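Engineer: Below is a structure I'd like to ask you about.
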Amino acid sequence: MAPMENYMPYSAGTDSVEAVNALFRKVYQYMAAGLILTALAAYLSASSQFMLQLLYTSQVPMIVIAVAELGLVLWISAGINKISASTARNLFFVYSVLNGILCSSVLLVYTGESVYKAFLSTAGMFGAMSLYGIYTKRDLTSMGGFLTMGLFGLIIAMVINMFVGSSRVELYISIFGIIIFLGLTAYDTAKIKVLAANTDGEGGEFSGKIAVLGALALYLDFVNIFLYLLRLFGERRR
């Protein structure tokens, strides 16, 4: 949701099925490419002895990557009006690679079967909510404030539990995390649909920027659902 909040104002003008379809093709293509890059980066990092020593002998590399990721998200979302669509797309792909490196620990902690099942479950749940966001006639605008408050509450609970270390709280965090990001999936998809009414066709600069912002928002939704599902149901390596 957040990556699209700072973009230029829009109005729901004349709806065009062609424009909506063209934009969503771009969004899902970029998102899929981002997920593939993340998976490859995670696999290669977890398979490389050099990367394992670099990443896990000190906390500094992970902190640097996390800060770089935050900077990239802010650069794309807050600076979208000042950069080209191709630059935004390339920044998104760089972010996807960095996130894969950061998430390589998932492959070290959980069994391959757990990761596979969590991914399939995420794909199914994400797909259902995204389709709902596309085809629903309901106005999902009111969900934005509620989901934002829920997201902030989730972050606060995670920070507190870092010091408390309660397994029960961790369970609740995972459950609510899944619910919140499923809601964000529907909300973000519906917002992309509204923005598509103002795009300038399949090859336009405006639609290219919206496609990157939409892909980033849905990518974040997908990855968070996946991670929370893995925490909730994943089997750890012995």
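A short reminder: the numbers here are calculations on the coordinates, not readings from a lab. Given the structure is predicted, the values throughout are model-derived calculations rather than measurements. Every residue, glycine as well, gets a Cβ built from its backbone with ideal geometry; the counts of neighbours run over all protein chains shown.
Engineer: I need LEU72, LEU195 ordered by Cβ neighbour count within 10 Å, fewest first.
Structural biologist: The order, fewest Cβ neighbours first, is LEU72, LEU195.
Engineer: Compute the distance in nm between two label points, each set 7 Å from the Cα along the Cα-to-Cβ direction, one at TRP75 and one at MET62.
Structural biologist: 2.4
Engineer: Among VAL27, VAL97, VAL67, VAL223, rank each residue by its count of other Cβ atoms within 10 Å, from fewest to most, as a rough exposure measure.
Structural biologist: VAL67, VAL97, VAL223, VAL27
Engineer: A further question follows. Taking only Cα atoms of region 57-156, what ratio of Rg to Rh do you get with Rh as the Kirkwood inverse-distance radius?
Structural biologist: 1.02
Engineer: Put a dot 7 Å past each Cα toward the Cβ at ILE179 and TYR135; how far apart are the dots in nm?
Structural biologist: In this crude label model, TYR135 to ILE179 measures out at 2.6 nm.
Engineer: I would also like to ask the following. Among LEU216, LEU91, LEU54, which one shows the highest mean-square fluctuation when the chain is modelled as a Gaussian network with alpha-carbon springs under 10 Å?
Structural biologist: For the chain, modelled as a Gaussian network with Cα springs under 10 Å, the answer is LEU54.
Engineer: So what is the 222 nm mean residue ellipticity for the chain from helices alone, if each DSSP H run of at least 4 adds -39500 (n - 2.57) and you divide by all residues, rounding to the nearest 500 deg cm²/dmol?
Structural biologist: -27000 deg cm²/dmol
Engineer: Across the chain, how many lysine pairs separated by 8 or more positions, or lying on different chains, have Cα atoms within less than 21 Å?
Structural biologist: The number of close lysine pairs in the chain is 9.
Engineer: Which of the helices in the chain, when you take each full DSSP H run, stretch at least 20 Å along the axis at their Cα atoms and have an average Kyte-Doolittle score of -0.5 or higher?
Structural biologist: Membrane-span-like by this criterion, though nothing is claimed about a membrane: 17-47, 60-78, 85-102, 112-135, 143-164, 167-196, 205-233.
Engineer: Among PHE226, PHE24, PHE163, which one shows the biggest mean-square fluctuation in a GNM of the chain, springs joining Cα atoms closer than 10 Å?
Structural biologist: Result: PHE163 has the largest fluctuation of those listed.
Engineer: What is the order of SER48, SER207, SER167, SER174, fewest Cβ neighbours within 10 Å to most?
Structural biologist: SER167, SER48, SER174, SER207
Engineer: Quick query: amide H of TYR110 versus all other amide H atoms, modeled in the peptide plane; which residues come in under 5 Å with a sequence gap of 5 or more or a different chain?
Structural biologist: Sorted by chain and number, the residues that satisfy this are ARG237.
Engineer: With a cut-off of 8 Å between alpha carbons and a minimum separation of six or more residues, what is the relative contact order of the chain in percent? Don't jump to the answer; show the numbers that get you there.
Structural biologist: Working: 274 pairs, mean separation 91.4, N = 238.
Reported relative contact order: 38 percent.
Engineer: By how many nm would the segment from GLN53 to SER121 grow when fully extended, if each residue of separation counts as 0.36 nm and the alpha-carbon distance is taken off?
Structural biologist: Length gained between GLN53 and SER121: 21.3 nm.
Engineer: Another one. Of ALA88, VAL73, LEU154, which is farthest along the charge dipole of region 19-159 in the positive direction, counting Lys and Arg as +1 and Asp and Glu as -1 at C-beta?
Structural biologist: With unit charges placed on the Cβ atoms, the residue in question is ALA88.
Engineer: How are the C-alpha pair distances of region 43-100 spread across 5 Å bins, as whole percents from the shortest bin up?
Structural biologist: Per 5 Å bin, starting at zero, the Cα-Cα P(r) for region 43-100 comes out as 4, 18, 22, 21, 14, 10, 8, 3, 0 percent.
Engineer: Continuing with the same structure: Under a point-charge model restricted to the Cβ atoms of Lys and Arg (+1) and Asp and Glu (-1), what is the dipole moment magnitude of the chain relative to its Cα centre, in debye to the nearest 20? Display every interim value, and only then the final one.
Structural biologist: Values: 15 positive and 13 negative charges, 90 e Å.
So the magnitude is around 440 debye.
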